[in-house]
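Worksheet for the structure shown next.
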Amino acid sequence: MHKEIVMPVESLGSLARSLAYHVRRREPRHISSVRFTLQRFLRFGPVVTQGVTLDVSVRGMSALVCGAPRVGETVVIELALRGSLVEMLATVRHSTNAKSGFEFYPLSPLAEQGIHGWVEDLRRHEETLFPYLHVWAGKSGSD
């Protein structure tokens, strides 16, 4: 005996939409572990803590930070990029005890040059490690 399964039309529509959903980032992210300094501006004054990047793009980064900052908080990130210390303003987009995500404000010319150079170096390094992955990603239309 064959039993027919009937699914309501509303469920099929939502299932079809969820299957077609594809997250695209504006910029590709690259894995990198670099120490940096994070300056927060709290009620009792500025506080400087340390962090380590997890991944980076030209628009932001995620990191492990001592003392999780609050979402929406504006911070100053100081990174050593290509031999120069670069300061960037950023907004905290997400934050847990495990990691935080930062979106950079428009960068100074020095910071922009440093970030673009860093990201380009990371991209080239990834291509040497995983050459076929980058060919496939280009064909599939991802960032």
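Taken together, the values in this text are just the output of simple stated rules run on the coordinates, not laboratory data. Predicted, not measured: the structure shown is a model, and the values here were computed from it. Note that we place each Cβ from the backbone using ideal geometry, even for glycine, and neighbour counts take in every protein chain shown.
Looking only at the range 94-129, residues that are loosely packed, with under 14 Cβ neighbours inside 10 Å and either in contact with a His (Cβ under 7 Å, 6 or more places away or on another chain) or small (Gly, Ala, Ser) (or both) come to 5 in all. Does the range 48-56 contain any residue that is touching a residue at least 60 places away in the same chain (Cβ under 8 Å), within 16 Å of the chain's Cα centre (by Cα) and under 21 Å from Arg26 (Cβ atoms)? The answer is yes, given that some residue of the range 48-56 is touching a residue at least 60 places away in the same chain (Cβ under 8 Å), within 16 Å of the chain's Cα centre (by Cα) and under 21 Å from Arg26 (Cβ atoms). Considering only residues that are more than 13 Å from Arg29 (Cα to Cα) and more than 15 Å from the chain's Cα centre (by Cα), which ones fall in the range 96-123? Correct list: Asn97, Pro106, Leu107, Ser108, Pro109, Leu110, Ala111, Glu112, Gln113, Gly114, Gly117. A count restricted to the range 33-47 and to residues that are among the basic types (Lys, Arg) and over 19 Å from the mean Cα position of the chain (by Cα) stands at 2. Against the definition (of a type in the set (Val, Ile, Thr), free of Cβ contacts under 8 Å to residues at least 24 places away in the same chain and surrounded by 13 or more Cβ atoms within 10 Å (Cβ to Cβ)), how does Thr91 come out, yes or no? Yes; evaluated as a whole, the condition is true for this residue.
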